[in-house]
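Down below is the structure, laid out as structure tokens.
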Amino acid sequence: MYKKNIKEFAMTNLLIESSLVEIEQEYEINLGRKKATEFVDKDEQYYPQFSEKIRHEAAQMSQHYEMFYCLEQSIRDLISNRLFEEKGANWWENTVPDPIKAEVERRIQTEIEQGVTQRSEKHIDYSTFGELSQIIEKNWELFDDTFTNLRAVKRVLSLLNTIRAPIAHCCPLAEDEVGRLQLSVKDWFRLMT
């Protein structure tokens with residue numbers, strides 16, 4: 001019971017924080033939650049060259065990106081921590097479906113061949129929501145005490161994967177999709193027992 005209350009409390013705070021950021025950005029005000037200097041952490045040589053419309057959209061989208069980042073990282077942490085606890089240090093090799101391992105290796109190799117800094121040393125950080133869903137499904141007996149229903153987990157992760165596209169590809173999130181993102185985050189936490 002307490003675990004659920006803590007999760008609901010954390011979720012409510014995330015949503016309140018998101019709403020406060022939206023108000024600050026929409027009305028271009030500082031409600032005193034952050035130092036004024038935190039609002040001006042941009043390259044002052046180039047940033048002003050972007051149109052005001054684009055800068056405003058970026059400010060609005062930053063709150064959705066922040067929420068999504070926290071959610072995606074917490075899901076990956078939950079999965080990797082549980083599998084590490086139950087299957088040990090070689091959990092990736094022993095619990096992840098072979099097609100996912102192969103696809104992740106391909107993504108890692110692509111980064112290496114492009115000469116960019118690898119995004120992570122953890123293979124799970126190269127996994128999509130669909131793949132995370134498959135990892136949970138394959139190891140459901142280790143997650144059935146954490147989530148209420150596998151089908152619901154798969155549905156929420158699928159929806160999050162769809163909502164992720166405009167955020168990841170720098171497109172404004174439609175008002176309906178903002179609501180859908182907020183509901184999906186609530187749904188995710190509601191799935192936990």
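Does ILE135 meet the test of being assigned to a helix (DSSP H, G or I) and over 28 Å from LEU15 (Cβ atoms)?
Criteria not met by ILE135.
Could you give every pair whose Cβ atoms fall below 6 Å, whose first residue belongs to segment 12-34 and is closer than 25 Å to TRP188 by Cβ, and whose second residue is among the small types (Gly, Ala, Ser) and surrounded by 10 or more Cβ atoms within 10 Å (Cβ to Cβ), counting only separations of at least 6 or pairs across chains?
GLN25/ALA59
Find the residue count for segment 103-125, including only residues that are small (Gly, Ala, Ser) and surrounded by 11 or more Cβ atoms within 10 Å (Cβ to Cβ).
Within segment 103-125, residues that are small (Gly, Ala, Ser) and surrounded by 11 or more Cβ atoms within 10 Å (Cβ to Cβ) number 1.
Just to check your reading of the model, which residue among ASN13, ASN5, ASN81, ASN30 is under 18 Å from the mean Cα position of the chain (by Cα) and modelled with pLDDT under 85?
None of the other options fit; the residue is ASN13.
Checking PHE143 against (1) crowded, with 16+ Cβ neighbours inside 10 Å; (2) touching a strand residue (DSSP E or B) at 6+ places or on another chain (Cβ under 8 Å), which single condition isn't satisfied?
Checking PHE143 against (1) crowded, with 16+ Cβ neighbours inside 10 Å; (2) touching a strand residue (DSSP E or B) at 6+ places or on another chain (Cβ under 8 Å), the one that fails is (2).
Restricting the search to segment 164-193, which residues are within 26 Å of SER19 (Cβ to Cβ), of a type outside the set (D, E, K, R) and either touching a residue at least 40 places away in the same chain (Cβ under 8 Å) or in contact with a Gly (Cβ under 7 Å, 6 or more places away or on another chain) (or both)? Don't jump to the end; show me each part of the working.
Filtering segment 164-193 down to residues within 26 Å of SER19 (Cβ to Cβ) leaves 164-192.
With of a type outside the set (D, E, K, R) added as a condition, the list becomes 165-174, 178-179, 181-185, 188-189, 191-192.
Within segment 164-193, ILE167, CYS170, PRO172, LEU173, VAL178, LEU181, GLN182, VAL185, TRP188, PHE189, LEU191, MET192 qualify.
Any residue in segment 91-103 that's touching a residue at least 40 places away in the same chain (Cβ under 8 Å): show its pairings with residues that are among the charged types (D, E, K, R) at Cβ separation under 6 Å, as long as the two are six or more apart or on different chains.
THR95/LYS87; PRO97/LYS138
Scan (1) within 19 Å of the chain's Cα centre (by Cα); (2) within 21 Å of ALA168 (Cα to Cα); (3) of a type outside the set (Lys, Arg) for the single condition GLU103 breaks and write down its number.
(1)
For segment 76-102, what are the residues that are surrounded by fewer than 15 Cβ atoms within 10 Å (Cβ to Cβ) and among the charged types (D, E, K, R)? It would help to see each step written out before you state the result.
Going through segment 76-102, the residues surrounded by fewer than 15 Cβ atoms within 10 Å (Cβ to Cβ) turn out to be 77, 81, 84-86, 88-90, 93-94, 97-99, 102.
Residues satisfying the conditions are ASP77, GLU85, GLU86, GLU93, ASP98.
Mind checking which residues of segment 54-68 are over 15 Å from LEU132 (Cβ atoms) and among the aromatic types (Phe, Trp, Tyr)?
We begin by selecting, within segment 54-68, every residue over 15 Å from LEU132 (Cβ atoms); these are 54-67.
Of everything in segment 54-68, just one residue is over 15 Å from LEU132 (Cβ atoms) and among the aromatic types (Phe, Trp, Tyr), namely TYR65.
For segment 165-179, give me each residue that is in a helix (DSSP H, G or I) and buried (at least 17 other Cβ atoms within 10 Å of the Cβ).
Within segment 165-179, ILE167, GLU177, VAL178 qualify.
Condition first: at pLDDT 95 or above, touching a Lys or Arg at 6+ places or on another chain (Cβ under 9 Å) and within 27 Å of GLN60 (Cα to Cα). Can you find one or more residues in segment 97-106 that meet it?
No.
The values are calculated or read from the model by the stated rules, or taken from the named source; none is laboratory data. Given the structure is predicted, the values throughout are model-derived calculations rather than measurements. Don't worry about glycine lacking a Cβ; one is built from the backbone with ideal geometry, like all the others, and counts go over all protein chains shown.
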